[in-house]
Amino acid sequence: MKLVILGGGGFRVPLVHGALLRDTAQRRVTQVVLHDTDPSRLDVMRHVLAAQAQAHVGAHPDSLTPPAVTVTSDIDSALAGADFVFSAMRVGGLEGRTADERIALGLGLLGQETTGPGGVGYGLRTVPVALDVARRVRLLAPNAWVINFTNPAGLVTQAMQSVLGDRVVGICDSPLGLAKRAAGALGHDLADLEIDYAGLNHLGWLTALRRDGCDLLPGLLADEAALAAIEEGHLFGTEWLRDLGSLPNEYLFYYYFTRDAIAQIAGAAQTRGEYLVAQQAEFYTAVATSPGEAWQRWDAVRRERNATYMQETRENGVGDTHERSEADVEGGGYEGVALALMAAIARDEPARLILNVRNRGAVAGLPDDAVVEVPCTVDAAGPVPVRVSALPGHALGLVQQVKAVDEIVIRAATEQSRSLAVQAFALHPLVDSVTVARELLTAYGRRLPGFYSGLT
C-alpha cells in the first residue's frame, strides 16, 4: 500500500514511520511518499527515516523489509495512486504559529495555536489549502482515505469532508492519552473498558469508563490519591474534577482557567511556538551538517519537546508545579491511532477508536454533519460513531458555540469574506469584544499578509 504524508518534512514524521516499521501484517504500507514545500526539511527527514529503519533492522534482524521512502515537493506526483493520505501540514509554518500566539497575547487574549483566537487565525489560512488538497485527492487518488492531523483538526476535517465525504477522518492523541491515564489509575487495561467520551477536537470530556456495564469513573473521582496522581488531577485540581463529574480534555484548561493560562504564557520568556522555532532550526541545521547522527539527534530532541509540551498548564497555581510522567514524555499515541485506523480499513481488522467524524446522531444537540470527536467502531467500511451519553448543559453549550465558530471559519475562508472572519473571531468564547476581533484580523493581515490580504 502507498501512504502519502503531507507535511513530510515535519518533525513528528518518524513517529508514523516507526509504527509502520513495527507493522508485521502481510497487507501493510510498503511505499511512503513524503511531500513538503521545503526541500531542505525533506532531505533532513529522509536521513532521519533511513537511520531509523537501519536501527530497527539492526535490533530486529528478522523484521520485514522497511517501507521504501521517497520525497518530493510535487504534490500531484505524491498523491497519484495513494491508498492513504496522512495530512500533517502546518500552513504558515512556525512563523504562523508564533503569530497565532503573539497577536492574541498582544491584545490580552489567550495565545495558543488551536484554542481561541489563534485557532481561528490558523483555520482561516489552512482551510483553502486543505480544500485544494481534497480536490487533488479526489482527482488523483479517488479511492484513498485521508487521515487528518492538520490543526485545527476538527475544523479542517469538516472542511475536507465537503469535498471527500466520509473518507476524511480526523485523529488526535489527546483523548486516547486521557482515557489511558484514567484506566491506569483504576488498575485496568483500556482495552477492557468501554470509553464514553464526547465533544470536539481539543474540547471533549471523558464522562464514563465502563466494565461489563458498570461505570468505574465515579470511583476514580472519589479516590483523592488516585485522582491527584494523574495529569488531569494536577492540571485542573481534584475538587474541580469532582465538581464536573467527568475528566476534561487537557485543552479545556484554557477555558476553565483562562486568566491563569494567559498569565503563564505572557510571563514566559518565549511562547511555545518561539521555543520550537529555535529548537527546530538547530535540529534541522545539525542533521543537515552531520546526517550520520540524524536518528540520535531526533530522538533527543523528541524527548525534550515532549517533556515541555503544554508547560504553562503545569505551572498554573491550581496545583503543585509538576513534571510530565515518563509515559507522557515518551509521547506518541496519534501514530498508533493512525496505524490502527489504516489496519481496520485496509485489512478489515475491527477496532474501536476515538476519531473526528460526522456526528450522525452520536452527540445529542449537534447537527448530523458536524464533525465531532467520539468513540467509533471501524472496519473495512470505515468508521461509525458510537452514540455517547448526553453532555451536560454547560459542556453542550460550549461545544455548540465553538462548532458554530468552526463553521463560520470555513465559510469565511471559502468565500474570502472579511465580515465572516471578524464574526468568527468575535463569536469565539475566548474573545471578549467585537472591537478586539477586528483588531485581531487587522493584526493578522499586517503580520501574515500573504494569507489574509485576499479577505474582502
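The values are calculated or read from the model by the stated rules, or taken from the named source; none is laboratory data. In this text, all values refer to a predicted model and were calculated from it rather than measured experimentally. Here the Cβ is made from the backbone with ideal geometry for all residues, glycine too, and neighbour counts use every protein chain on show.
Within the set of pairs 6 or more residues apart or between chains, which connect a residue that is farther than 14 Å from residue 251 by Cα inside the range 229-241 to a residue that is aromatic (Phe, Trp, Tyr) and assigned to a helix (DSSP H, G or I) with Cβ atoms less than 9 Å apart?
Final answer for the pair search is 240/256.
With the requirement that a residue be touching a helix residue (DSSP H, G or I) at 6+ places or on another chain (Cβ under 7 Å) and within 20 Å of residue 309 (Cα to Cα), what does the range 91-103 give you?
The answer is 94, 96, 97, 98, 99, 100, 101.
May I ask you to list the residues in the range 19-41 that are crowded, with 18+ Cβ neighbours inside 10 Å and either touching a helix residue (DSSP H, G or I) at 6+ places or on another chain (Cβ under 6 Å) or within 22 Å of residue 90 (Cα to Cα) (or both)?
Those that are crowded, with 18+ Cβ neighbours inside 10 Å and either touching a helix residue (DSSP H, G or I) at 6+ places or on another chain (Cβ under 6 Å) or within 22 Å of residue 90 (Cα to Cα) (or both): 19, 21, 29, 32, 33, 34, 35, 36, 41.
Find the residue count for the range 230-259, including only residues that are part of a helix (DSSP H, G or I), within 24 Å of residue 428 (Cα to Cα) and touching a Lys or Arg at 6+ places or on another chain (Cβ under 9 Å).
The qualifying residues number 1.
Take the range 182-205 and flag every residue that is among the aliphatic types (A, V, I, L, M) and farther than 16 Å from residue 389 by Cα.
If the condition is that a residue be among the aliphatic types (A, V, I, L, M) and farther than 16 Å from residue 389 by Cα, then 182, 183, 185, 186, 190, 191 are the ones that fit.
Taking the condition of being under 18 Å from the mean Cα position of the chain (by Cα) and of a type outside the set (Gly, Ala, Ser), how many residues in the range 359-382 meet it?
Of the residues in the range 359-382, 6 are under 18 Å from the mean Cα position of the chain (by Cα) and of a type outside the set (Gly, Ala, Ser).
Can you name the number of the only condition in (1) free of Cβ contacts under 8 Å to residues at least 40 places away in the same chain; (2) under 18 Å from residue 353 (Cβ atoms); (3) assigned to a helix (DSSP H, G or I) that residue 165 fails?
The number of the failed condition is (2).
Kindly indicate which of 250, 293, 274, 304 is farther than 17 Å from residue 100 by Cα, modelled with pLDDT of 95 or more and either among the acidic types (Asp, Glu) or in contact with a Cys (Cβ under 6 Å, 6 or more places away or on another chain) (or both).
So the residue among 250, 293, 274, 304 that is farther than 17 Å from residue 100 by Cα, modelled with pLDDT of 95 or more and either among the acidic types (Asp, Glu) or in contact with a Cys (Cβ under 6 Å, 6 or more places away or on another chain) (or both) is 250.
Does residue 177 meet the test of being touching a helix residue (DSSP H, G or I) at 6+ places or on another chain (Cβ under 8 Å) and without any contact (Cβ under 8 Å) to a residue 24 or more places away in the chain?
No; evaluated as a whole, the condition is false for this residue.
Could you tell me whether residue 450 is closer than 22 Å to residue 96 by Cβ, out of contact with any helix residue (DSSP H, G or I) (no Cβ under 7 Å at 6 or more places or on another chain) and not in a helix (DSSP H, G or I)?
No.
What tally of residues in the range 168-192 results from selecting those that are outside any helix (DSSP H, G or I) and either crowded, with 24+ Cβ neighbours inside 10 Å or not small (Gly, Ala, Ser) (or both)?
Within the range 168-192, residues that are outside any helix (DSSP H, G or I) and either crowded, with 24+ Cβ neighbours inside 10 Å or not small (Gly, Ala, Ser) (or both) number 9.
Which residues, taken from the range 407-430, are surrounded by 16 or more Cβ atoms within 10 Å (Cβ to Cβ), under 22 Å from the mean Cα position of the chain (by Cα) and assigned to a loop (DSSP other than H, G, I, E, B)?
428, 430 - these are the residues of the range 407-430 that are surrounded by 16 or more Cβ atoms within 10 Å (Cβ to Cβ), under 22 Å from the mean Cα position of the chain (by Cα) and assigned to a loop (DSSP other than H, G, I, E, B).
If you check residue 109 against the conditions, is it touching a residue at least 24 places away in the same chain (Cβ under 8 Å) and assigned to a helix (DSSP H, G or I)?
No: the conditions fail for residue 109.
Among the listed residues 132, 62, which satisfies the condition of being modelled with pLDDT of 95 or more, more than 30 Å from residue 289 (Cα to Cα) and either among the basic types (Lys, Arg) or surrounded by fewer than 18 Cβ atoms within 10 Å (Cβ to Cβ) (or both)?
Within the list 132, 62, the selection yields 132.
Which condition breaks for residue 384 when tested against (1) surrounded by 17 or more Cβ atoms within 10 Å (Cβ to Cβ); (2) among the aliphatic types (A, V, I, L, M); (3) without any contact (Cβ under 8 Å) to a residue 60 or more places away in the chain?
Condition not satisfied by residue 384: (1).
Residues are listed down the side, and each one gets a yes or a no for (1) under 21 Å from residue 167 (Cβ atoms); (2) surrounded by fewer than 21 Cβ atoms within 10 Å (Cβ to Cβ); (3) of a type outside the set (Ser, Thr, Tyr):
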position	(1), (2), (3)
361	yes, yes, yes
373	yes, no, yes
392	no, yes, yes
397	no, yes, yes
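Keeping to the range 350-369, report how many residues are touching a residue at least 12 places away in the same chain (Cβ under 8 Å) and farther than 14 Å from residue 168 by Cβ.
Looking only at that region, the number is 13.
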